[in-house]
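Enquirer: This structure is in structure tokens; I'll ask about it shortly.
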Amino acid sequence: MLPGVFVPQLELLIRARYPLIYLVTWEEQRLHDILESLAKNHGKQLVEWSIHRGLRRAGGTRTAAELEPVKDPIKALDAIGKLVEPSLVVLKDFHPFLDDPAVVRAVRELGHQLTGSFTTIVFVSPTLKIPVELEKDVSVLDVPLPGFADLRALLREIVQVIRANNRVKIELTNQDAEALIRAAQGLTLSEAENAFAKAIANDGKLAADDIALVLDEKKQILRKSGLIEYISTDETLGSVGGLEHLKAWLDRRAHAFTDEARQFGLPEPKGLLLLGVQGCGKSLTAKAIASRWRLPLLRLDMGRIFAGYIGSSEENVRKAIRIAEGVAPAVLWIDEIEKGLSGSDGGASDGGVTSRVFGALLTWMQEKTAPVFIVATANRIVDLPPELLRKGRFDEIFFIDLPSLRERADIFAIHLRRRGRELADFGIAELAQHSEGFSGAEIEQAVISGLYQAFETRGALTQAHLLAALAETRPLSTTMREDIDRLRAWAETRTRAASPAQATP
């Protein structure tokens with residue numbers, strides 16, 4: 001959910017007198033300010049409950065309904081039912097108590113009692129946990145992470161304080177400030193404030209080089225989630241041999257996330273599904289896309305989505321989606337997506353967890369409004385659910401085959417240059433001829449193997465070393481010929497070729 005949409009949706013639920021609302025967020029203080037404003041606008045008192053402080057009006061005073069601090073959850077619910085004034089009641093971290101059937105029953109009865117009244121109960125928790133008994137009674141909203149405007153306001157406030165104290169230098173142009181704010185997207189407001197403070201404390205100033213520090217802080221925070229990893233990459237499309245059709249498609253959309261593109265009437269691209277033979281550059285291409293478009297690269301680990309507790313997998317995918325949208329515009333890389341979605345055909349072996357996670361992911365891919373470009377890679381077509389391949393999930397499905405003769409020459413040139421070798425010292429055309437049926441990864445390994453042979457004798461890397469390494473390698477096109485043939489036959493009428501000509505082993 002985009003930041004600008006959340007408050008109107010929450011206000012609509014309150015105005016419609018929904019009795020039970022569940023808000024998923026870590027940011028209690030930021031949400032408190034929003035709820036306080038809504039309560040004031042609608043003539044309601046704001047009441048808060050926590051196991052530590054009990055039931056109180058916002059600001060710390062007791063409510064009229066309580067005779068003593070009410071910390072017991074069931075007694076607190078009873079006290080809420082006796083409130084006379086129209087109220088917005090916030091229950092903080094109430095989710096652990098929803099394991100108790102007596103508490104669940106009390107919540108359900110209170111919800112029925114408050115239906116049509118001017119009192120609304122708002123559960124605030126960092127995780128979604130709703131017992132089956134309450135699924136039809138509770139409305140759920142994800143509180144979005146701060147948007148660009150929120151972070152810009154925070155940075156302005158920090159800059160004003162700094163300038164008032166004259167203790168720190170501000171060396172930011174408008175463009176630098178925008179880049180710094182973009183770097184902080186995906187953080188909570190308090191995390192962003194800490195990141196900016198760390199940048200200032202590092203060298204006593206706020207400048208363009210602090211963008212890297214804020215990005216490093218974001219990497220650490222995303223790592224804590226255990227679901228999404230921030231990938232640093234300096235790979236470019238020049239690091240990818242061949243794939244001219246795919247590169248042209250990407251170049252045509254290089255500026256698709258700009259305001260200029262929106263004004264022209266272009267929607268943001270949704271994503272790509274890259275299918276193909278192992279080791280032919282799918283993962284490398286995902287990294288290069290982020291570099292080419294100058295967007296952060298996030299990697300979603302589908303294996304970590306499936307946790308051991310019932311209901312946690314569904315919550316994990318929701319959390320991952322919130323993080324990705326918070327960092328947007330971004331590239332979200334889902335590597336070997338077929339491994340994470342195997343079993344999504346409704347089998348009962350996992351109680352339907354995979355099917356529900358797959359459904360949530362598909363719905364988001366179809367309906368997402370945040371500029372998150374998905375790059376999904378897959379090796380085995382048979383493991384991909386047909387729903388994933390339907391138009392609308394991705395902008396295009398590309399098939400990456402084994403490299404052609406010219407592409408193999410490009411790949412050899414890339415890896416020899418990368419290792420400081422002069423191309424004039426090698427017969428690239430001969431190497432390309434002798435590597436027929438090799439994938440890009442196998443060509444790279446042949447170069448590395450040749451380097452090891454040369455290093456062993458402390459001599460220069462020669463053509464003979466590389467030819468010997470190729471002769472010693474049995475490529476996948478030989479060991480998995482039948483699988484590759486089936487993959488090609490499937491892709492011929494269902495996908496777009498990433499290269500002008502397909503290779504044949």
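Enquirer: Roughly speaking, what is the stretch gain from residue 244 to residue 367, that is 0.36 nm per residue apart minus the C-alpha to C-alpha distance, in nm to one decimal?
Expert: Values: separation 123, 0.36 × 123 = 44.28 nm, distance 3.02 nm.
Full extension from residue 244 to residue 367 adds 41.3 nm.
Enquirer: Out of all DSSP beta bridges with both ends in the chain, state the antiparallel percent to the nearest 5.
Expert: 15
Enquirer: Oh, and also: Between residue 140 and residue 11, what is the FRET efficiency for a Förster distance of 22 Å, r being their Cβ-Cβ separation, to the nearest 0.05?
Expert: Efficiency computed from Cβ-Cβ geometry: 0.85.
Enquirer: With the cut-off at 19 Å, report for the range 3-142 the share of all Cα pairs above it, as a whole percent.
Expert: 45
Enquirer: For the range 148-224, max minus min Cα coordinate along each principal axis, in Å, sorted largest first?
Expert: The principal-axis extents, from largest down, are 35, 25, 21 Å.
Enquirer: Could you calculate the contour length gain from residue 260 to residue 41, that is, 0.36 nm times the residue separation minus the distance between their Cα atoms, to one decimal place in nm?
Expert: 75.2 nm
Enquirer: Something else now. Starting from 0 in steps of 20 Å, tell me what percent of the Cα-Cα pairs of the chain lands in each bin.
Expert: 19, 43, 28, 8, 1
Enquirer: Could I ask something else about it? With label points built 7 Å along Cα→Cβ from the Cα atoms of residue 203 and residue 380, find their separation and express it in nm.
Expert: That separation, rounded to one decimal, is 5.0 nm.
Enquirer: Along the positive direction of the dipole of the chain (beta-carbon charges: Lys, Arg +1; Asp, Glu -1; about the Cα centre), which of 161, 242, 41 reaches farthest?
Expert: Highest projection toward the positive end goes to 41.
Enquirer: Here is a further query. Which order, highest average first, do 261-274, 432-445, 154-167 follow once you tally other Cβ atoms within 10 Å for each residue and take the mean per peptide?
Expert: 432-445, 261-274, 154-167
Enquirer: Compute for the range 203-275: radius of gyration divided by Kirkwood radius, i.e. Rg/Rh, restricted to C-alpha atoms, rounded to two decimals.
Expert: 1.06
Enquirer: Please turn the phi angles of the range 23-39 into ³J(HN,Hα) values with the Karplus equation 6.51 cos²θ - 1.76 cosθ + 1.60 (θ = phi - 60°), one per residue in order, whole Hz, x for glycine and proline.
Expert: Once θ is set to phi - 60°, the couplings for the range 23-39 become 10, 9, 6, 8, 8, 5, 5, 4, 5, 4, 4, 5, 5, 4, 5, 5, 4 Hz.
Enquirer: As an exercise, use a Förster radius of 22 Å and the Cβ-Cβ distance of residue 109 and residue 82 to find the FRET efficiency, rounded to the nearest 0.05.
Expert: In this case the efficiency is close to 0.95.
Enquirer: Too long at a 30 Å Cα-Cα cut-off: which of 71/219; 129/219; 40/219; 219/270?
Expert: Details: 71/219 38 Å; 129/219 27 Å; 40/219 38 Å; 219/270 24 Å.
As for pairs spanning more than 30 Å Cα to Cα, those are 71/219; 40/219.
Since every read-out is calculated from the coordinates, none of them should be taken as a lab result. Owing to the predicted nature of the structure, the values given are computational and were not obtained by experimental measurement. So basically every Cβ, Gly included, is an ideal-geometry build from the backbone, and we count neighbours across all protein chains shown.
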